[in-house]
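Here is the structure we will look at, set down as structure tokens.
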Amino acid sequence: MAASTTEKGFSTSVSDTVIEAKLTEKFIQKDVSLVTGVESSVSNGAVLMTGKVDTLEQKILVTRLAWEIRGVKEVINEIQIVSEKSLKTTAKDLAASAQLRAALIGDQEISSLNYSIDVVNGIVYLSGVAADEKERDRVITHAQALRFAKKVVNYIILSTDKRD
């Protein structure tokens, strides 16, 4: 911690520590198995999560919980789901996720880093923080236009919404 404190500055280190503590608290409140299955680290408001969970619902839940915390600027969810599905479905989901990420990056009216995208079995799960309703609607529209998207589930919150 001492080395990172000098590089990032004391206030950033404190904020990152607070985010990490709030995330752990949320995991305990929602599903205590998340505490043991998910490793998280926070740097300058960016949350990186790794580890393994049993279900897609748990993977989406941890992303959503992270975005609820004030000060979170980015969520990178690299958590693996223990149960495997078919290779063809996985390939379609990865293609849809990459296509949507590219569309968000290419859209000048969207701050693409503010969003997490999970595509599982053709269902697109969106989470993050939108500057306003217009930006949120643009992200949803891009997701609905995906070739392999069967359904879009929106967990995007507005920056004006109350966060912990």
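Return a yes/no flag: does segment 68-84 have any residue that is of a type in the set (A, V, I, L, M, F, W, C) and in a helix (DSSP H, G or I). Checking segment 68-84: not a single residue is of a type in the set (A, V, I, L, M, F, W, C) and in a helix (DSSP H, G or I).
Within segment 85-140, the residues that satisfy the criterion of being among the β-branched types (V, I, T), assigned to a strand (DSSP E or B) and either surrounded by fewer than 16 Cβ atoms within 10 Å (Cβ to Cβ) or within 13 Å of the chain's Cα centre (by Cα) (or both) are I117, V119, V124, V129.
Looking at segment 85-107, is at least one residue under 27 Å from V32 (Cβ atoms) and either touching a Gly at 6+ places or on another chain (Cβ under 8 Å) or of a type in the set (A, V, I, L, M, F, W, C) (or both)? Scanning segment 85-107 turns up no residue that is under 27 Å from V32 (Cβ atoms) and either touching a Gly at 6+ places or on another chain (Cβ under 8 Å) or of a type in the set (A, V, I, L, M, F, W, C) (or both). The set of residues from segment 114-164 being touching a Lys or Arg at 6+ places or on another chain (Cβ under 9 Å) and acidic (D, E) comprises D118, D164.
Checking the conditions here, which among A91, A102, A66 is closer than 22 Å to V129 by Cβ and free of Cβ contacts under 8 Å to residues at least 40 places away in the same chain?
When all the criteria are applied, what remains is A102.
Where a number appears in this text, it was derived from the coordinates with a stated rule and is not lab data. This is a predicted model, so every value here is computed, not measured. Cβ atoms come from the backbone with ideal geometry, glycine included; neighbour counts cover every protein chain shown.
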